[in-house]
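Here is the structure we will look at, set down as structure tokens.
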Amino acid sequence: MRAFEYRGGALHSGEVKLEEIARAVGTPCYVYSGDAIRSRFEEYAGAFAGMPHLICYAVKANGNLAVLRLLAGAGAGFDIVSGGELFRVLRAGGEAGKTVFSGVGKTEKEIAEALEAGIHSFNCESAGELEVLSAVAERLGKKAPVALRVNPDVDAVTHPYISTGMREHKFGIAMSDVEGICEEARGLKGIEIRGVSCHIGSQILDFAPMLEAAERMVELAVRLRGRRFAIGTLDLGGGLGIAYHAGQSGPRIGEFARALRGKIEGSGLEVMVEPGRSIVGEAGVLLTRVLYRKRSGGKEFAIVDAAMNDLIRPALYQAHHEILALGERKDTARADVVGPVCETGDFFARNREIPDVGPGEYVALASAGAYGFSQSSNYNSRPRAAEVLVEGGKWRVVRERETYESLVAGERV
């Protein structure tokens with residue numbers, strides 16, 4: 001389903017006009033389509049129906065409690081990378097037993113919290129981590145369930161900052177080292193190796209590399225079983241991309257999941273995937289208001305009230321987000337869309353044909369549901385944006401806009 005579309009000349013989410021939200025809540029403001037989020041999760045669930053599977057939503061993409069609650073209600077598990085994300089999942093009503101803990105730098109405190117909560121498993125990324133995990137588990141009188149995160153040395157063909165599956169990256173254990181590390185780990189009393197996992201990158205538009213990684217991981221699982229390791233799960237991570245450009249078509253969730261299923265079915269393994277962006281990315285927009293129009297140095301600028309602290313992806317990744325007027329219009333202007341932050345890198349579009357909007361009018365930065373608010377900050381002492389969830393014909397604020405008092409909470413003179 002389409003998360004946002006023009007109806008009667010106005011941009012809507014479901015039955016709700018986005019301008020109604022912008023005027024009531026103020027800008028900048030994130031708006032999420034709950035119906036679109038649920039629909040995308042159900043595409044994954046439907047494609048794996050009939051075989052053992054667990055779909056663990058990647059909390060880092062968008063950790064709003066209302067979004068997590070919605071997904072938990074739909075049957076999702078969760079992929080976390082910090083103790084704070086575990087706290088969010090549990091606060092939102094997610095099940096610890098359907099939660100996996102990934103990341104290269106888990107602290108002893110975070111490990112203990114996850115063990116006490118009873119999470120599904122830890123995706124372990126080094127021999128040193130296995131030793132620490134075992135020691136913490138023994139101290140607590142527990143056995144830690146482990147999947148070894150393997151670096152399959154597959155090029156995801158994506159932005160270098162979000163590529164994670166090559167041997168020069170910090171993530172995972174080299175494929176050639178896995179069997180040796182497993183043998184060494186036999187003597188660790190606090191862990192139980194139950195599976196293998198991998199994740200090769202993010203915003204992947206051609207999923208052929210993910211299928212190649214799946215083949216390598218199934219072969220590895222077979223070899224480890226031959227060494228008498230009880231490998232029962234295969235976690236293939238996330239990374240499926242979305243279409244950020246108008247006219248671009250991203251990979252279809254169902255087609256991808258069915259292709260993945262074809263690589264695993266018959267192996268006797270429970271398949272786990274960790275989608276984030278493909279579930280929430282296109283289901284969110286950032287609403288912002290035009291403050292000024294300016295011409296300088298032969299260039300046209302549209303200055304808006306959102307900034308790089310609200311959505312850093314264009315500055316960080318040179319990412320593209322479509323600029324949509326909330327009232328449909330055909331007149332355009334070639335301009336830079338920039339924010340108020342004192343950085344030249346504070347931009348959302350450069351030299352782009354955009355709707356010819358003037359001061360006081362609203363625009364939406366499209367496909368901002370993933371890595372938008374979750375990467376936002378208080379740079380320049382700017383309060384973070386409000387968040388709104390739309391379901392059917394109703395909308396509600398699911399995070400209040402921060403105040404100036406929020407900025408200094410916890411500080412001491």
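For the reader, a short list of remarks on this structure follows.
- Hey, Glu265 at pLDDT 95 or above and within 25 Å of Ala208 (Cβ to Cβ) or not: no
- Residue within region 403-413 that is at pLDDT 95 or above and part of a strand (DSSP E or B) present: no
- Test result for Leu220, of a type in the set (A, V, I, L, M), assigned to a helix (DSSP H, G or I) and out of contact with any His (no Cβ under 9 Å at 6 or more places or on another chain): yes
- Condition check for Ala283: over 25 Å from Gly372 (Cα atoms), touching a residue at least 40 places away in the same chain (Cβ under 8 Å), buried (at least 17 other Cβ atoms within 10 Å of the Cβ) and of a type in the set (Gly, Ala, Ser): no
- Flag if Tyr6 is under 18 Å from Leu236 (Cα atoms) and assigned to a strand (DSSP E or B): no
- Residue match in region 193-206 (condition: surrounded by fewer than 17 Cβ atoms within 10 Å (Cβ to Cβ), out of contact with any helix residue (DSSP H, G or I) (no Cβ under 9 Å at 6 or more places or on another chain) and farther than 22 Å from Asp79 by Cα): yes
- Count of region 81-105 residues which are of a type in the set (D, E, K, R) and either farther than 14 Å from Ser374 by Cβ or surrounded by fewer than 17 Cβ atoms within 10 Å (Cβ to Cβ) (or both): 3
- Checked against the criterion of being within 23 Å of the chain's Cα centre (by Cα) and assigned by TED's automatic domain parsing to the domain that holds Ala385, region 325-336 has no qualifying residue.
- When residues in region 60-80 are screened for being surrounded by fewer than 19 Cβ atoms within 10 Å (Cβ to Cβ) and either of a type outside the set (Gly, Ala, Ser) or in contact with a helix residue (DSSP H, G or I) (Cβ under 7 Å, 6 or more places away or on another chain) (or both), 4 of them pass.
- The set of residues in region 100-145 that are under 18 Å from Met272 (Cα atoms) and either acidic (Asp, Glu) or out of contact with any helix residue (DSSP H, G or I) (no Cβ under 7 Å at 6 or more places or on another chain) (or both) comprises Val100, Ser102, Gly103, Ser121, Asn123, Glu125, Pro145.
- Among the residues listed as Arg38, Arg2, Arg23, the single one being at pLDDT below 95 and surrounded by fewer than 20 Cβ atoms within 10 Å (Cβ to Cβ): Arg2
- Residue match in region 20-31 (condition: within 18 Å of Arg399 (Cα to Cα), in contact with a Gly (Cβ under 9 Å, 6 or more places away or on another chain), part of a helix (DSSP H, G or I) and touching a residue at least 24 places away in the same chain (Cβ under 8 Å)): no
- Residues located in region 359-407, provided they are touching a helix residue (DSSP H, G or I) at 6+ places or on another chain (Cβ under 9 Å) and of a type in the set (Val, Ile, Thr): Val388, Val390, Val397, Val398
- Identity of the residue in region 112-170, at pLDDT 75 or above and among the hydroxyl-bearing types (Ser, Thr, Tyr), that ends up surrounded by the most Cβ atoms within 10 Å (Cβ to Cβ): Ser121
- Only one of the numbered conditions (1) of a type outside the set (Ser, Thr, Tyr); (2) surrounded by fewer than 23 Cβ atoms within 10 Å (Cβ to Cβ); (3) within 23 Å of Arg88 (Cα to Cα) is violated by Val388, and that is (2).
- Boolean, Ala370 is at negative phi, in the same structural domain as His12 (by TED's automatic domain parsing) and in contact with a Phe, Trp or Tyr (Cβ under 8 Å, 6 or more places away or on another chain): no
- Every residue from region 372-402 that is in a loop (DSSP other than H, G, I, E, B), in contact with a Gly (Cβ under 8 Å, 6 or more places away or on another chain) and either over 16 Å from Asp35 (Cα atoms) or β-branched (Val, Ile, Thr) (or both): Gly372, Arg401
- Hits in region 185-217 (condition: closer than 29 Å to Ile242 by Cβ and part of a helix (DSSP H, G or I)): Ala208, Pro209, Met210, Leu211, Glu212, Ala213, Ala214, Glu215, Arg216, Met217
- Number of residues in region 293-313 that are assigned to a loop (DSSP other than H, G, I, E, B), touching a strand residue (DSSP E or B) at 6+ places or on another chain (Cβ under 6 Å) and among the charged types (D, E, K, R) equals 1.
- Selection within region 314-365 - of a type in the set (D, E, K, R), closer than 23 Å to Leu11 by Cα and part of a loop (DSSP other than H, G, I, E, B): Glu322, Glu328, Arg329, Lys330, Asp331, Asp356, Glu361
- Note on region 210-246: among residues that are under 27 Å from the mean Cα position of the chain (by Cα) and acidic (Asp, Glu), the one that is nearest to Arg277 (Cα to Cα) is Asp235.
The values are calculated or read from the model by the stated rules, or taken from the named source; none is laboratory data. This is a predicted model, so every value here is computed, not measured. Cβ coordinates were reconstructed from backbone atoms using ideal geometry, including for glycine residues, and neighbour counts include every protein chain displayed.
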